[in-house]
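One structure below.
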Amino acid sequence: MNGVTTTPEGRRFVVVQPLHEGQPQVAEISSGSPVAYPDSQWNARRNGEDGRSAFVGVNSLWIGSDGALWIVDRGAPRIGRPLVPGGPKLVRIDLASNKVTRVYDLSEVAQGKSFVDDVRFNGAPAYLTDAGRPALIVLDLASGAARRVLEDHPSTVASRPLMAEGRQLLDERGAPIVVHAD
């Protein structure tokens, strides 16, 4: 699990990086165990299927000031893999009904090497980071219109090597792993 958020009432939600098919990507911790959330259908996408109504590659989640659970789907099944049609999206779930109430398709602004990473809110717009194609995505929550800003700007481009345990992280080809705006 690489992400967790908790409601003021104590409900806990996590992002799971599944090791095998059948594991949920988003779960609510219930009686100490992860249970697919909002349901098994949203967590049941298979290879070859589009990502319009199922999670492809969830990266983060957040309880918004509106009390809803917001989920960022990077749109690719694994890091460095191609984006799935309809995959990059922001999903809003009403916690009272446990139902998806809105899906914001980010396919027009997240393309190629995009890696939609995180979300934050400031009134009507949502701001998402693209850690693959360095930029910020500004999403109008009312209309669903999105645009890229600060693309390849020094404030969104990685400038230091990614390190862990005193070593630079490298991909399978030996190239440095780069995470831009995060």
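Please treat every number below as a calculation from the coordinates, not as lab data. Just so you know, these numbers come straight off a predicted model, no measurement behind them. A quick note on method: Cβ atoms are made from the backbone with ideal geometry, for glycine too, and the neighbour counts reach across all protein chains shown.
Taking 0.36 nm per residue of sequence separation and subtracting the Cα-Cα distance, how much length would be gained by fully extending the chain between ALA175 and PHE121, in nm to one decimal?
In short, 16.0 nm is gained.
How big is the charge dipole of region 118-181 about its Cα centre, in debye rounded to the nearest 20, if each Lys and Arg gets +1 on its Cβ and each Asp and Glu gets -1 on its Cβ?
My answer is approximately 80 debye.
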TODO: Please build a GNM for the chain, connecting alpha carbons under 10 Å apart, and tell me which residue among ARG147, ARG74, ARG167 fluctuates the most.
DONE: ARG167
Open item on the list: Loop only by DSSP, 16 or fewer other Cβ within 10 Å of the Cβ. Give me the trypsin sites (Lys or Arg not before Pro) in region 36-71 that pass, ordered by residue number.
Closed with: ARG46, ARG52
Task: Cα-centred dipole magnitude for the chain, charges only on beta-carbon of K, R (+1) and D, E (-1), debye, nearest 20 - done: 140 debye
Task: region 163-176 - phi-based ³J(HN,Hα) in whole Hz, Karplus 6.51/-1.76/1.60, Gly and Pro as x - done: 10, 8, 6, x, 10, 6, 7, 10, 7, 5, 8, x, 7, x
Open item on the list: When the expected Rg is taken as 2.2 N^0.38 Å, what fraction or multiple of it is the alpha-carbon Rg of the chain?
Closed with: 1.02
Task: Among SER155, SER114, SER60, residue whose mean-square fluctuation peaks in a GNM of the chain (springs only between Cα atoms under 10 Å) - done: SER155
Open item on the list: Could you tell me which residue out of TYR37, GLY3, LEU170 lies farthest along the dipole of the chain toward its positive end? Charges go on the beta carbon: Lys and Arg +1, Asp and Glu -1, centred on the Cα centre.
Closed with: LEU170
Open item on the list: What do you get for GluC sites (Glu not before Pro) in region 72-167 restricted to DSSP loop and a cutoff of at most 12 other Cβ within 10 Å of the site's Cβ?
Closed with: GLU108, GLU165
